[in-house]
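Asker: Pasting in a structure now, in structure tokens, and then I'll have a few things to ask.
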Amino acid sequence: MGLALMVAVGLALIAPVRSLLRDEPGQRAGTLAEELAHTIVDYRQETGVWPRSGASGLELSVLAGRPVRIQAADAVAGPMPTVAADGPLVAEIPLDPWRRSFRAYLAEDGRGVAVVSAGPDGRFDTAPDDLAKMRAERLVFRGDDTGYILLLDNDGEGR
């Protein structure tokens, strides 16, 4: 009877440990997504514009360039700003723990940035429209997607 009890307790302890180990990449993805969200806001503060938005979200490659402040009229057309004396915001755009690209979306009202990883299955389950409509309430990523949502105050600072 003592051995059966020890086996039962051991099995009960193994499941949570496996869960923690399995979730570690998800936690890492969330941390990378948070850093990327703050870098996107830094880009906005340095250049005066958000990275361009396309079918797969914001154009993140500009973050590895060297941003330069541009005039509002320049934001309408032409290449994204990528030249300044102080160097790039990041050396390279990070990949998620599954070696895939993050996607980033700007809230419709410009007061939030969501960075999302497709998770281990590689499929984006969270709809871009849901991410664009982010509000103060907490958005839950769908499927095995994970990421970070940075809501901005009136001054454009993360809160």
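Asker: Provide a single number: the residues in segment 45-64 that are surrounded by fewer than 19 Cβ atoms within 10 Å (Cβ to Cβ), touching a residue at least 12 places away in the same chain (Cβ under 8 Å) and over 18 Å from LEU152 (Cβ atoms).
Answerer: 5
Asker: Would you check if ALA77 is modelled with pLDDT under 85, out of contact with any helix residue (DSSP H, G or I) (no Cβ under 9 Å at 6 or more places or on another chain), of a type in the set (A, V, I, L, M) and not in a helix (DSSP H, G or I)?
Answerer: When the stated conditions are applied, ALA77 passes them.
Asker: Regarding segment 27-36, can at least one residue be identified that is closer than 25 Å to ASP96 by Cα, surrounded by fewer than 16 Cβ atoms within 10 Å (Cβ to Cβ), at pLDDT 90 or above and hydroxyl-bearing (Ser, Thr, Tyr)?
Answerer: Yes, segment 27-36 contains at least one residue that is closer than 25 Å to ASP96 by Cα, surrounded by fewer than 16 Cβ atoms within 10 Å (Cβ to Cβ), at pLDDT 90 or above and hydroxyl-bearing (Ser, Thr, Tyr).
Asker: Report whether or not THR47 is touching a helix residue (DSSP H, G or I) at 6+ places or on another chain (Cβ under 9 Å), hydroxyl-bearing (Ser, Thr, Tyr), under 18 Å from SER117 (Cα atoms) and modelled with pLDDT of 80 or more.
Answerer: no
The values are calculated or read from the model by the stated rules, or taken from the named source; none is laboratory data. All values reported here derive from a predicted model rather than from experimental measurement. Don't worry about glycine lacking a Cβ; one is built from the backbone with ideal geometry, like all the others, and counts go over all protein chains shown.
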